[in-house]
1. Could you pull the copy-to-copy label distances for C:Glu154, with points set 7 Å along Cα to Cβ, in nm to one decimal and sorted shortest first?
2. Angle between the Cα long axis of helix A:95-106 and the longest principal axis of chain A, 0 to 90 degrees, nearest 10?
3. So what is the calculated 222 nm ellipticity per residue for chain F, using -39500 (n - 2.57) for each DSSP H run with n of 4 or more, over all residues, to the nearest 500 deg cm²/dmol?
4. Can you work out ³J(HN,Hα) from phi for every residue in segment F:168-185, in order, using Karplus 6.51 cos²θ - 1.76 cosθ + 1.60 and θ = phi - 60°, giving whole Hz and x for Gly and Pro?
5. Using a/c under 1.5 as the rounded threshold, could you call segment E:148-206 rounded, prolate or oblate? The axes a ≥ b ≥ c are square roots of the C-alpha gyration tensor eigenvalues, and prolate needs a/b larger than b/c, oblate otherwise.
6. Loop-only check: which GluC sites (Glu not before Pro) in segment A:167-205 are DSSP coil with at most 13 other Cβ within 10 angstrom?
7. Specify the residue with the greatest mean-square fluctuation among B:Pro100, B:Pro37, B:Pro67, computed from a Gaussian network of chain B linking alpha-carbon atoms under 10 Å apart.
8. In whole Hz, with x marking every Gly and Pro, tabulate ³J(HN,Hα) for segment C:199-215 from phi via Karplus 6.51 cos²θ - 1.76 cosθ + 1.60, θ = phi - 60°.
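The values are calculated or read from the model by the stated rules, or taken from the named source; none is laboratory data. Keep in mind that what you see is a predicted model, and the values were worked out from it rather than measured. Quick reminder, even Gly has a Cβ in these numbers, built from the backbone with ideal geometry, and neighbours come from all protein chains shown. Each accessible area value is taken on the protein alone, full model and side chains, heavy atoms only, with ligands, DNA and RNA left out. Shrake-Rupley method; radii C 1.70, N 1.55, O 1.52, S 1.80 Å.
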Number of protein chains: 6
Amino acid sequence: MRILVVNCNTNADMTASIAEIAAGAASPGTDIVPVTPSFGPESAEGYYESFVAAAAMLDAVERVDEPFDAIVMAGFGEHGREGMRQRWDAPVVDITEAAPMMANLVAHRYGIVTTLSSAVPVIEDSLAHAGLQHRCVAVRASEIPVSSIHGSVEAVADALELEARALLDEGAEAIVLGCAGFAGLDVVLRERLGVPVIDGVDAAVRLAETLVRARLTTSSIGAYRPPSTTKRWTGWTAAPVAG
Amino acid sequence: MRILVVNCNTNADMTASIAEIAAGAASPGTDIVPVTPSFGPESAEGYYESFVAAAAMLDAVERVDEPFDAIVMAGFGEHGREGMRQRWDAPVVDITEAAPMMANLVAHRYGIVTTLSSAVPVIEDSLAHAGLQHRCVAVRASEIPVSSIHGSVEAVADALELEARALLDEGAEAIVLGCAGFAGLDVVLRERLGVPVIDGVDAAVRLAETLVRARLTTSSIGAYRPPSTTKRWTGWTAAPVAG
Amino acid sequence: MRILVVNCNTNADMTASIAEIAAGAASPGTDIVPVTPSFGPESAEGYYESFVAAAAMLDAVERVDEPFDAIVMAGFGEHGREGMRQRWDAPVVDITEAAPMMANLVAHRYGIVTTLSSAVPVIEDSLAHAGLQHRCVAVRASEIPVSSIHGSVEAVADALELEARALLDEGAEAIVLGCAGFAGLDVVLRERLGVPVIDGVDAAVRLAETLVRARLTTSSIGAYRPPSTTKRWTGWTAAPVAG
Amino acid sequence: MRILVVNCNTNADMTASIAEIAAGAASPGTDIVPVTPSFGPESAEGYYESFVAAAAMLDAVERVDEPFDAIVMAGFGEHGREGMRQRWDAPVVDITEAAPMMANLVAHRYGIVTTLSSAVPVIEDSLAHAGLQHRCVAVRASEIPVSSIHGSVEAVADALELEARALLDEGAEAIVLGCAGFAGLDVVLRERLGVPVIDGVDAAVRLAETLVRARLTTSSIGAYRPPSTTKRWTGWTAAPVAG
Amino acid sequence: MRILVVNCNTNADMTASIAEIAAGAASPGTDIVPVTPSFGPESAEGYYESFVAAAAMLDAVERVDEPFDAIVMAGFGEHGREGMRQRWDAPVVDITEAAPMMANLVAHRYGIVTTLSSAVPVIEDSLAHAGLQHRCVAVRASEIPVSSIHGSVEAVADALELEARALLDEGAEAIVLGCAGFAGLDVVLRERLGVPVIDGVDAAVRLAETLVRARLTTSSIGAYRPPSTTKRWTGWTAAPVAG
Amino acid sequence: MRILVVNCNTNADMTASIAEIAAGAASPGTDIVPVTPSFGPESAEGYYESFVAAAAMLDAVERVDEPFDAIVMAGFGEHGREGMRQRWDAPVVDITEAAPMMANLVAHRYGIVTTLSSAVPVIEDSLAHAGLQHRCVAVRASEIPVSSIHGSVEAVADALELEARALLDEGAEAIVLGCAGFAGLDVVLRERLGVPVIDGVDAAVRLAETLVRARLTTSSIGAYRPPSTTKRWTGWTAAPVAG
C-alpha cells in the first residue's frame, strides 16, 4: 500500500519531519510518499496562506506520477480537503478530521492546541464543516509559529502543556495537537498530562490504512462526483483534463 | 491483540455471525473474543430493549475473565457506550459511531438503513450524542426484524437496496448498514449501488485495532473517570467493586 | 389516583425520603407508591451506574403488581425514560425534565446544581435529548456525593448555595436541584437566594397529577409503540412477554 | 386561587368560549377570570395583528382591578409572553408553551395544527424562543380562519384531522391544537386519531394551577426584573408607573 | 427618495438626535422623515416596554400621511419588525439587523454594547430570530440608561469603551452600538479602539437607500403577506382596514 | 470610488458580462474595475475548481496595480473570501453573502437557484460559514452549466423559473440567483414570479459602495489580522511579501 502524505507548505524540512512521523505510524509494507507543494508559503497560519496552500496541495498531488492508495493531508485546519476528495477516488484523510475522530473515541470532550491565533478560526471552520466541533471544548493557540517549532523541543512542549492544561480546566479530557509539525510531542505530553494526546499525522496515516484495507474509496456521486475533464483551463498545468 | 466483540442481545447465533465478520476484518494476530450477554431480549429494536441490553452488555464484559485490549459494542444504536468507556480503560468502539465515521471520510453525506422503525429514534439519539448526525441524511427502516435477517439473503438485500436508493435520492452518497446482523450485505450492496457501503462491525474492529496500535486508551478524567469501587451494590454480582 | 415514584438506586432510605417529598407535593386523594429497584448501586452518579439503574428501574416497575396511573422517575439525569414511556401507557414524568420545564415557565434562564461532577455529562445528555438545554446556563457539581446528603442539612445547603450563586452570576434566574435526594432544600435555598428554586420530585409529582387529570397517556405510535410481547427473553424475569 | 385567562383578540364570544374550556380544566375552588383586550383585531393571525395583540394583552391585565394568582395567555403563538412575565410576579403560562410541554411528556415528537398559514411563522418563532421547536415535526395550517371556527364543528374537525394525519405521517406522535378557539376539538380528535391531542388552554390552566400550588412565582432578576416604575409614559394609561 | 425613521419611544429629543444621524448617513436627495410614536414609554429597555413600543411604532407609521419609500426602525432590539414588513411593501430595515450585517462584512466576529442589562435578552432574541447571533461574541450592557446618554458624551464613551474592550478580549473584531441613542459615538470609539464600530441608524439608512435603489420591496407572500383589511378592529384607530 | 469586481474563472466574456451588471448597479462616479484571474478553470462548479479559483482570485487582486476602495468577489459560493479579507483592508463583499443579506431584509425565508448540483454543497458551506443558512429554504440546481448560460436567455429563464417555483412551494418568499453569470435574469424572473429576485453582483456592488461611504474597512485584528509579510514564499510571485 502506498500513501501520499502531503505537506501544506513548501518547507521541505517539515515534509521530512512529517514523513518520519507517518512512517512510524504506518504498518510494515506501507510506503509513505512525502509530497511537498511546489508553490506557496513556508508555513500556513491563517486564511490567506491556507487558501493558497489548498490549491498548492491539489496541484502537488496532480503531479505525482506513481499510483497511490490513499492521501493524507498534513496541514492542520488547512483548506482543500473536499477538492481532494472530489478529484481522486483514493481515500483522503485530513489530519484535522483524523485526530478529533480518534479523540472522540477515547474522550467525551477534547481540546486542540495549535500554533498562532491566526490559525484558530481556520481550524474552527474546518471542524464545523466536518461536524467535529460538537465535542471540542476550544482551540487554543500556543503562539509558537510553525517556523520556531524545531528550536527547542522542551520549550515547545512547555508552551503546549500550558495551553493543554487550560483546556483540561475547561473540560477537555483528551488533547489534539493542532499542527503537523508537532512531531513526537504527543508522546511527551501524554506522559506529562496523563490523558490521551493525539497527533494528527499519526492518526491520519492509521485511518488511511484502515480505509484502504476495508476497500473503501471516496464516493463518486454528489459532492464528490469527479470534476469535469473537458473544461478549458488556463495557466494551470496540473488540471484534471482528459487524455 | 485481543478484542472483545459484544453482541447486544442473547441470540448466540447472531453472536457467531458477528464474530465471523469481526474475524474477517481483523488483522492476523488479532484474537476476536465473542461475548453474548447472559440476560436480555433475543434482539434489541427500540428504547425498552435497548436499555436492558445496555446493562446486559456491561454485565457481560464484567464477567470476561481474560485480559483484553479493546471492546467493540455490536449493537447498532444501543445504549451503554459511555458506561463501557467509563468502566474500562481499554478503548471502546461502538459500531454506531464507527460506521458513520468511516462514511464521513469517504462521502459528504451518508444515510443509514436499519431494521424496524422502532429502532430509528434510538439510533438518531446515539448519533446526536456522538455528534454524528450532522452529515446524516436520514435513518430509514427496512421493516425487516432482526429475527428474519437470516431467512433469505436475497430478500434482505432487496429490502435494504430499496431504502438505500431512497437515501441516495435524498442526497446520501454512502450507506451505513444499521444493524450488527447485516453481515456480509455491505459487499452485496456496494456492488449493486456503486457507492461506499459500510458495515458497523467491520468498521469498528478496524478502528479498535487502530486505537490499540496507536496506544490510545480511554481518558480517565471527567465523564469517563472510572466509577467508584467502594459503593454498595445490591442484586448485581458484576459490579465494579474493589478487591 | 396512584403514582409510582421510582427511586433510581437501591438505597431504601432515599426512597423513603423521596416518597415523603412526593407525598407533600401530591393532592389529597393521590396515593404515592414508592418503588425501590431490587438491584443496582446505592447511588447513581455517572454513566456506568446510570445504565444499570435504567434497567433496574424498568425491572422494578414491571414487578409492581397493583394498577397505577402515572410513573415518576426519581433519578436526576438517569437513563431509561424513553424505555419506560415505550413500555407503559401511563404517563411517565422524569424529574430531569419536570424541574427544568417548571423553571422555563418562571425564568428566562435557569441553572442546575447537582452532586458529583461525574453526574454532569449524564444530566447534560438528558437535557439535550429532551430539548431542555436551550435555556440552561450550566450544570454545576457541588461535589457532595449522594451518600453524604443526609449528614448535615446546613452543610449541604451551604455547598448548594455556593454553586447556585455561581450560576446566578452566569445568568441563571432560577435554580433546579439536580438530585432526587436534595429533599426540602428547595425551600431553604429559595429563602436564601430570593429566586425560584425547584425540586425535581416535587415538580414531577405535580406534573404527573396534571397529566392524569387531563386524561393524557403516552402515545403508542412511533418511538413509544410498545415493545414486542412475543420475543424470547433470557435471564430476565420481568420482560414484557405476553401472558 | 384566581387565574386570569387573557384572550388575545377583542372577540368577546371567543373569550367566553376560552373561559368555558378554562373552567372545565380548573380544579374546584379555582376562579377563572376571563379578560378581553379593549383594543385590537377580532382575531390575531400573523405578525402585524400579533404585535398589536401583545400590547393589548399587557394593557388588559394592567386594568384588572382584583388580585390574581396566575395569568394564562390564550393566544397561540402571539407575542407578549416575556413582557407579561417581566411585569407581574404571578406566574404566566402561555398556551403556546403549555401544550408542547405536555406533548413532550407523552410523545417523542409532536406536530401542531393551526388556523391560517400566516400564523405559522409566528408560532415557529414562539417555539424557537421557548426552546420547544426541538421535537416539533411541523406546524401545519388548516386554512380555517379563527372567525369560521364556530361555524360547523364537524367541518372544522375534518379539516384539522386532515392536517393532523399529515403530521402523523411526518413522524408526529401527538397533536397540539394551535389556536385558543379550537375548544373541545381535542376530545373529538383524540377519538378519531388514537393519539394524544392537546388543547393549549386546557394545558395552560392546569400548569398555572400547578405553579401556584408549588408556590412558584416568576423570577425577578435578569430578563424578568420588573420594568421601571419611574419612567414617563405618554398616551398609555395602563403603564407600570409607581404610586 | 423618502425614508421614514421611526423612533421606538416617545422622547422627541431622541427622535431629533436619531434624525440627525440619519440625515448624515443619507445621500443628497434623500428625505429623512422622523416619526415619534404617539404613545409608549420615554425609552424602551426590556421586554415589557419593547412590546408596547412595537405596537406604538406600527401605529405611528399607519398615521404617516405622505408616501414613503422605506422604513428604518430605530429601536435596537425592539419588537415589531416582522409586523412592519407584513404591513407595507416599502422595505423595512431594523437597526438591530443592519449594524450586525455590516459588521459581518468587515469582521469575523462582532460584539454589541448596549444600555441596560434588561435590554440584553431582548436583543439576543432579535438576533436569533434574524439569524445574526451566529457570529456575535456577546451583548454587553454598559448600564447607562437611555435617559442619561446625553449627559456627558465623554462619560458615555468611556463606559462604552470599557465594555467594547471586554468584547474584543472575548474575540470580537468589530463593535456594534446597541442603542439608537448612541449618536456619533461610533466615530469616537472607532478612533479609540482601532476597529470597525458601527452605529445602527447610520447602517440602516444606508441599507434602506440601497434596497430602494435596487428596486427591492418586501415579499408579499408567506410570512409577510399583508394583513387582512376586512377584519373588525376595536379601539385602535390606525388599523389596516380597507378604504 | 473604485471597486474591483473579481470574476472567479478565466472566462473573459463572463468577466465582461459581470462588469456590465456591476456598472449598472454602481452609482455615478464609481469606477468598476473588472478582474479576470490569470489561471484556473473556465468556470467553477464544485469543490475542486473552487479551491483553485480561490487562489486565483487572491493572486489576481495582488496583481492589480491601481488603488481601489472595495473588492467584490463574483463567484457564487466560491472559496477565498476570508483570505481576501485578511489580506486587504478595503472591504470585501462576496456575492454569496450579499444576495442572501438583501433577501433577509425583504423576506422571511429565501431560496437559491444555482447552476449544477456539484455547486450546491459548496454554496451550502459558504452560507453556513457566513451564518446565512438559517433562513435559506434550499439551494436548488437548474443543471444549466455556466458555459451554457449565454445560449438562450429564454431557455435559461425557463429552467430557473422551474426551480424557483419549487423553492416557493417549499416556503421561500424571495429568490437569490446563485451564479454570477445569471446577468439580467433577476429582472425577468421578478416579473414572472412576483417576488423579490436578487442578483448577487448587483447586490454586492451596492453593499460595497455602502461600506465605502460609511468609511468601514475590514478589521485588522483576530481572524483578519493581515498575513505576515516576512515569510518566504516559493513559486508564487504574488505573495504579500514586504517591500
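1. For C:Glu154, the inter-copy label distances come out at 5.4, 5.4, 7.3, 8.2, 9.3 nm.
2. 50 degrees
3. -13000 deg cm²/dmol
4. These are the phi-based 3J(HN,Hα) values: 4, 4, 7, x, 5, 10, 8, 10, 9, 7, x, 7, 5, x, 7, 4, x, 6 Hz.
5. Since a/c reaches 1.5 but b/c is at least a/b, the shape of segment E:148-206 is classed as oblate.
6. Listed in order of number, the matching sites are A:Glu170.
7. B:Pro67
8. Each residue of segment C:199-215 in turn: 8, x, 5, 4, 5, 5, 4, 5, 5, 5, 4, 4, 5, 5, 4, 7, 6 Hz.
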